[in-house]
Structures are given as structure tokens and as C-alpha cells.
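The values are calculated or read from the model by the stated rules, or taken from the named source; none is laboratory data. Keep in mind it's a predicted model, so treat the numbers as computed, not measured. Glycine gets a Cβ as well: all are built from the backbone with ideal geometry, and neighbour counts include every protein chain shown.
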Amino acid sequence: MSVSSQQIEDALRLAIVPLQSLQVINESHLHVGHAGAAEGSHFRVKIVSASMTGLARVARHRLVYDALRELIPQGVHALAIEAQSPAEA
């Protein structure tokens, strides 16, 4: 099981429009030896989109998780999300 940063980026670009900026960072190397490291990769997503405007933090995270719903079971163990509207960025 392995998911790449590029796969996550592609899925987010398709699902969350418009995007002002997007960074997908694989942080798996920081978690070597961690019990969950064998279950999948650790990623950090930094996203700025007008789609986040007016949404609470939970709703923003839900947008990201919904966009990645098919990838998460394929090897994403942890996902840190930093989601902002353009006005907050």
C-alpha cells in the first residue's frame, strides 16, 4: 500500500476549485519507528481556496477528506490539514 504526494495533489486539484495554492508534503520520514508507520504514509496538506471561505475548521477538513476518500484506505496513515481562505492566507 502506497500513496504518493502527487496522487493526493491530483485528487485535491480535481475536487477543490478554485485553488489559490496547494502543498502536499510527505512527512513519513519523520515517523520512522512509529507504530502506525507500517500502516501507511504521513502527509501534510496546506491548501488555500475560496471554497474554504465561511466554513468552520471541521467543514474545511471534511472537504479535504471527501476529496481523498478513495486514497486514504490505500495507504494514508496520517493527514495534517492546514486549510485557509484567500483572505486568511
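Quick notes on this one:
- Check on Gln23, exposed (fewer than 15 other Cβ atoms within 10 Å of the Cβ) and either among the acidic types (Asp, Glu) or modelled with pLDDT of 95 or more (or both): yes
- Test: residue in segment 58-77 that is among the charged types (D, E, K, R), in contact with an Asp or Glu (Cβ under 6 Å, 6 or more places away or on another chain) and touching a residue at least 12 places away in the same chain (Cβ under 8 Å): no
- Taking the criterion of being of a type in the set (Gly, Ala, Ser) and either modelled with pLDDT of 95 or more or at positive phi (or both), the residues of segment 26-52 that qualify are Gly33, Gly40, Ser49, Ala50, Ser51.
- Number of residues in segment 63-89 that are within 17 Å of His42 (Cβ to Cβ) and either of a type in the set (A, V, I, L, M) or not in a helix (DSSP H, G or I) (or both) equals 12.
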